[in-house]
1. Taking the residues in region B:7-34 that are more than 9 Å from chain A (Cβ to nearest Cβ) and buried (at least 19 other Cβ atoms within 10 Å of the Cβ) as candidates, determine which candidate is modelled with the lowest pLDDT.
2. If A:Ile223 passes every condition in (1) in a helix (DSSP H, G or I); (2) more than 14 Å from chain B (Cβ to nearest Cβ); (3) open to solvent by 60 Å² or more (accessible area, probe 1.4 Å) but one, which one does it miss?
3. Taking into account only those residues within region B:130-144 that are more than 16 Å from the chain's Cα centre (by Cα) and at the interface with chain A (Cβ under 8 Å from one of its Cβ atoms), which is nearest to B:Arg157 (Cα to Cα)?
4. Can you tell me how many residues in region A:194-215 are more than 20 Å from the chain's Cα centre (by Cα) and more than 16 Å from A:Asp172 (Cβ to Cβ)?
5. Within region A:126-137, track down each residue that is under 15 Å from A:Arg181 (Cβ atoms) and of a type outside the set (Gly, Ala, Ser).
6. Considering region A:1-21 alone, what residues qualify as being of a type in the set (Lys, Arg) and assigned to a helix (DSSP H, G or I)?
7. Go through (1) within 9 Å of chain A (Cβ to nearest Cβ); (2) open to solvent by less than 20 Å² (accessible area, probe 1.4 Å); (3) modelled with pLDDT of 85 or more; (4) in contact with a helix residue (DSSP H, G or I) (Cβ under 8 Å, 6 or more places away or on another chain) for B:Lys54 and report which single condition fails.
Amino acid sequence: MRADAIDWHIRLREGRAEDWEAFTRWLEQDQAHNAAYEAVALEDAALDEAFSATPIVQAPANDDEGVLPSARRARWTWGIGAVAALMLVTLLSRLMLAPSSSLYPVETAPGAMRVVALPDGSEVTLNGGTRILLDRKNVRYAALERGEARFRVVHDESNPFVVHAGDDQVLDVGTVFNMVRDAGGLIVEVSEGAVRFNPDRQAVDLTAGQTLRARNGSAAVQISRKAPELIGSWKTGRLSYHDETFATIAADLSRSLGIRVTASPDIASRRFTGAILIEQDREQLFRRISALLGVNATRGATGWQLSADDRAAR
Amino acid sequence: MAELGLKQVFLMMQPELLRFLAARGMNIADAEDLAQDLFLKLESLVDAPIAQPKSYLYQMANNLLLDRRRAELRRARRDEAWTEAQSGGAIDVDERPSAEQVLIARDRLRQINAVLGALPERTAEIFRRFRIDGVSQRKIASDFGISLSAVEKHLQRAYRAVLNAQRQIDAESIDPRRPSDQKEDHVAQD
């Protein structure tokens, strides 16, 4: 029965509706079935804790070494400073050469934040609803699939760090920068150091205090200025702005909160200077935003909507 | 738009979900409470197309149920005053594992890798790709040039080995007679 429970558990990880329905019927046959399944599910959940809470610093050993299984056994060493440890990514080395990709994903749930330490000392912080790919065989690689991530890259001129975002690339030698990839395009903002955007195409160099906006389907990019201390402020849990549009603020709020926040068209281009502390109590947060921005904040079926406050004094 | 669709699907399949939760050992009041919880969470979903809404909702319901069970277990363990592990729960902004949690997790990982090391390499590799990398069974089958049911067999074998080891670890970790931990002596004297 335990074997059956395990089989069900595996099947359900990719199960279709019919599988879940069949599973329900199996559970209904005997209470012991549920007990067995629950034990299995809880044991598997404990695996997640093992896989995701452990700091591993050493990059995997060269996969090409040796032929005997023992020579290719996984090796890793533990990082230091467990108490001060942030959430780190598990880099389990591979046991055998196989036609596999060495890429692996790191993802955050909507509204969550996660810090990933790379073996070279670089650091990636993911905002909510973000997905990046990293490469076991190349620590100077990342791909931003969606969302927002802040990169702190350790200096190494002989081996630049490259972040891919679709067809675009950001090349960096040792720097702190923020990237957002959404349905419309890509934003790159540099707070320290310098990056080169698309070295083989536009080859735009950005230094601290510069931001670049690229739209999908267009080679033209827009460069503007932004004070470094405002770049990537989401990481601190406080969104800081100088003369920023409400539309952008709404988008930033969406990412930090993991819920859709929109600014109605008539107020989207209004500007705001100041800081918004992201607090847990949503009602309170939006009352505060309402006061700070001078807007109405209403909660709808699909999220929060910011709109003109008709009662605002002239 | 995707999220409105999900809500509609949810409402349509609510009786089915409640039946599922009952089969999973929940009483009707708790099941309805969980369903309500799930519905509220749907509101927070950011735009993302869901290919299979029904199975997604089943998955969500099952996960919520497991979260609750785990929270209950943690509470029960804390009440026995034998562990100082920090409570889990959803921590959005700052997820710092305590030093003890890290050590425990490190230990688990070592044991799991020992188990995987004892399996045939292909079996261990398939397990890693599926369980850790999140690669689909279909893709694994095509990567290795084997059938889907062969992949399933490898996974069943690996899971059995790994989960049995997990069960062992869990059993040992709540044994109050572990010599290394001072605190547990108090409990043992009860």
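1. Ranking the qualifying residues of region B:7-34, first place goes to B:Phe10.
2. For A:Ile223, the failing item is (1).
3. Within region B:130-144, the match that is nearest to B:Arg157 (Cα to Cα) is B:Gln137.
4. 2
5. Answer for region A:126-137, where residues must be under 15 Å from A:Arg181 (Cβ atoms) and of a type outside the set (Gly, Ala, Ser): A:Leu126, A:Asn127, A:Thr130, A:Arg131, A:Ile132, A:Leu133.
6. Listed by number, the residues that qualify are A:Arg2, A:Arg11, A:Arg13.
7. Status for B:Lys54: all satisfied but (2).
For every residue, the table says whether it meets (1) touching a strand residue (DSSP E or B) at 6+ places or on another chain (Cβ under 8 Å); (2) open to solvent by 20 Å² or more (accessible area, probe 1.4 Å); (3) touching a residue at least 12 places away in the same chain (Cβ under 8 Å).
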site: A:Gly258; (1), (2), (3): no, no, yes
site: A:Ser264; (1), (2), (3): yes, no, yes
site: A:Ser269; (1), (2), (3): yes, yes, yes
site: A:Ala275; (1), (2), (3): yes, yes, yes
site: A:Gln280; (1), (2), (3): no, yes, no
site: A:Val295; (1), (2), (3): yes, no, yes
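The values are calculated or read from the model by the stated rules, or taken from the named source; none is laboratory data. Only a predicted model underlies this, so the values are computations on that prediction, with no experimental measurement involved. Using ideal geometry, Cβ is built from the backbone for each residue, glycine included, and neighbour counts are taken over all protein chains shown. Side chains are part of the model used for accessible areas, which takes the heavy atoms of the whole protein and leaves out ligands, DNA and RNA. Shrake-Rupley method; radii C 1.70, N 1.55, O 1.52, S 1.80 Å.
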